[in-house]
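This report refers to the structure that appears directly beneath it.
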Amino acid sequence: MLLDKSLIPKVAVEKMNQIHDVEIDILNKLYESIEKYEKNESSLEEIEHLFEEFLKDVQEHFSFEQGLMEEYNFFAYPMHKGEHDRVLMELDQLKRKFEKSKDPSLLKSYLSQIFVPWIVNHVQTMDTVTAHFLSHFVRD
Ligand SMILES: [Fe+2]
Ligand SMILES: [Fe+2]
């Protein structure tokens with residue numbers, strides 16, 4: 001397992017917690033598939049498929065939060081969206097490099113060294129503050 005869900009703090013909007021949980025599941029599945037690939041126990045196709053699933057999930061995760069922030073005029077919306085956009089750009093670059101090289105170790109190092117510390121910190125900080133603000137309006 002790459003990331004234990006218990007390391008992701010719970011925020012004040014339950015739907016956001018559910019989205020984070022699902023994302024960590026997909027992330028762990030993708031990472032496992034890469035580790036299996038290294039032992040010749042999974043295929044490149046499987047990794048490509050799970051990576052696509054992961055990318056789609058991250059986009060939906062960010063869009064969901066941005067939709068609520070816009071709807072309720074969250075004061076730090078540009079800052080929070082800026083962080084999301086920065087990560088989406090990184091992921092897009094990673095996808096291009098991976099498509100060219102077909103080298104799953106690129107994904108492995110990005111996910112473990114960059115994405116995991118980022119998501120833990122992002123939920124602890126921006127998502128926590130945002131969810132606290134939104135919880136005054138959103139019922140879930
Ligand atoms: Fe989030
Ligand atoms: Fe966020």
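The values are calculated or read from the model by the stated rules, or taken from the named source; none is laboratory data. As the structure is a computational prediction, the values presented were derived from the model and not from experiment. When we count neighbours, we look across all protein chains shown, and the Cβ atoms used for this are built from the backbone with ideal geometry, even at glycine. Keep in mind that these areas ignore ligands, DNA and RNA; they rest on the heavy atoms of the full protein, side chains included. Shrake-Rupley method; radii C 1.70, N 1.55, O 1.52, S 1.80 Å.
General observations
- Top-ranked residue of the stretch 60-100 - restricted to ones that are small (G, A, S) and open to solvent by less than 60 Å² (accessible area, probe 1.4 Å), ranked as farthest from A131 (Cα to Cα): G82
- Residue in the stretch 16-30 that is farther than 21 Å from Q59 by Cβ and not hydroxyl-bearing (S, T, Y) present: no
- Restricting the stretch 31-51 to residues that are part of a helix (DSSP H, G or I) and hydroxyl-bearing (S, T, Y), the residue that is nearest to ligand 1 (Cβ to nearest atom): Y31
- Contact map, the stretch 5-21: residues that are assigned to a helix (DSSP H, G or I) paired with residues that are near ligand 1 (Cβ under 10 Å from one of its atoms), Cβ distance under 7 Å, separation 6+ or inter-chain. Pairs shown: M16/E65; M16/D127; M16/A131; N17/V11; I19/H61; I19/F64; H20/I8; H20/V123.
- Test: residue in the stretch 53-71 that is closer than 26 Å to S33 by Cα, away from ligand 2 (no atom under 15 Å from the Cβ) and among the hydrophobic types (A, V, I, L, M, F, W, C): yes
- Taken together, R96, R86 contain a single residue that is under 14 Å from the mean Cα position of the chain (by Cα) and of a type in the set (K, R), which is R86.
- Helices (runs of 4 or more DSSP H) lying entirely in the stretch 52-140 (those with 3 or more residues that are over 17 Å from N17 (Cα atoms) and touching a helix residue (DSSP H, G or I) at 6+ places or on another chain (Cβ under 8 Å)): 77-101, 104-110
- Of the residues in the stretch 71-84, not one is on the phi < 0 side of the Ramachandran plot, of a type in the set (K, R) and more than 13 Å from ligand 1 (Cβ to nearest atom).
- Enumeration of residues in the stretch 101-140 that are more than 16 Å from ligand 1 (Cβ to nearest atom), crowded, with 17+ Cβ neighbours inside 10 Å and closer than 27 Å to A12 by Cα: L111
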